[in-house]
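The structure under discussion appears below in the form of structure tokens.
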């Protein structure tokens, strides 16, 4: 079917309420118009067809689409993402090779395992959370709380593991393990499974 000028203006006005970046606005209007014109006939109301097309294009909403686009255009954000992936890869390789060396009783096992876990716990995990918060500023409070609990439990448990690898022991280390496990078990996990349940019954 062919859209009239009036229908195109209705689509543009609806999209403009959520997207203020002109180039992105034009691209979304073009995309939605193409989707609607690709249909042989519009079933039901025109507004419903527009809503369906927009929802297929941006399931998390047009504002989130604009936010993601702006983040991708932000040079500092792109550099941070690259650093994050490189740091994650290096720390994961270092820690896994440390475990392998430990099992094979090779030299350097303690060094690789200790500093791999230390960098993963104190650098990668917090940076991952910062990037996630920047990408999802309007996320539900429960989701943000879940991420906060996950970060806290990872830092506490990882810190305790690293201290043990440095052959430091005592009641304080055991308390770090315990608090990390409690935060993970009674903070992170209940919210995670409650969110999974809500998505399953929605």
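For region 1-118, how big is the tail of P(r) above 23 Å, as a whole percent of Cα pairs? Could you put the intermediate results ahead of the total?
Working: 3752 of 6903 pairs.
For region 1-118, the fraction of Cα-Cα distances above 23 Å is 54 percent.
Would you mind checking the tilt of helix 75-103 against the longest principal axis of the Cα atoms of the chain, expressed as 0 to 90 degrees and rounded to 10?
Orientation of helix 75-103: about 40 degrees from the principal axis.
Viscosity 0.890 mPa s, temperature 25 °C: Stokes-Einstein D of region 54-118 from its Kirkwood Cα radius, in µm² per second? Walk me through the numbers on the way to the answer.
Values: Rh = 14.5 Å.
D, rounded to a whole number, is 169 µm²/s.
Explain nothing, just the number: relative contact order of the chain, from Cα pairs under 8 Å at least 6 residues apart, as a whole percent. Don't jump to the answer; show the numbers that get you there.
Values: 161 pairs, mean separation 26.6, N = 202.
Over the chain, the number comes to 13 percent.
Against the longest alpha carbon principal axis of the chain, how many degrees, from 0 to 90 and to the nearest 10, is the axis of helix 46-57 turned?
Helix 46-57 and the main axis of the chain meet at about 30 degrees.
Using a Förster radius of 45 Å, what is the FRET efficiency between residue 71 and residue 168 based on their Cβ-Cβ separation? Nearest 0.05, please.
Details: r = 40 Å, r/R0 = 0.90.
With R0 = 45 Å, the Cβ-Cβ based efficiency is 0.65.
Can you tell me how much longer the chain between residue 148 and residue 18 gets when fully stretched, taken as 0.36 nm per residue apart minus their C-alpha distance, in nm with one decimal? Each step should come with its number before you reach the end.
Working: separation 130, 0.36 × 130 = 46.80 nm, distance 2.90 nm.
Computed gain between residue 148 and residue 18 is 43.9 nm.
Residue separation times 0.36 nm, minus the C-alpha to C-alpha distance between residue 115 and residue 39: what's the value?
Values: separation 76, 0.36 × 76 = 27.36 nm, distance 5.77 nm.
Computed gain between residue 115 and residue 39 is 21.6 nm.
Calculate the tail of P(r) for region 5-67: the fraction of all Cα-Cα distances greater than 20 Å, expressed in %.
Details: 341 of 1953 pairs.
Value for region 5-67 (Cα pairs over 20 Å): 17 percent.
Using only Cα atoms, find the angle between the long axis of helix 109-119 and the longest principal axis of the chain, and express it within 0 to 90 degrees, rounded to the nearest 10.
40 degrees
How are the alpha carbon pair distances in the chain distributed across 10 Å bins from zero to the largest one, expressed in percent?
The distribution over the chain is 8, 22, 23, 20, 13, 9, 4, 1, given as percents.
What's the extension gain from residue 78 to residue 9 if we count 0.36 nm per residue and subtract their Cα-Cα distance?
Full-extension gain reported as 21.4 nm.
Helix-derived [θ] at 222 nm for the chain: sum -39500 (n - 2.57) over DSSP H runs of at least 4, divide by residue count, nearest 500?
Values: 10 runs with 154 residues, N = 202.
Value at 222 nm, helices only: -25000 deg cm²/dmol.
Readers should treat all values here as calculations from the given coordinates under stated rules, not as data from a laboratory. Since the model is a prediction, treat every value here as computed from it, not as a measurement. Here the Cβ is made from the backbone with ideal geometry for all residues, glycine too, and neighbour counts use every protein chain on show.
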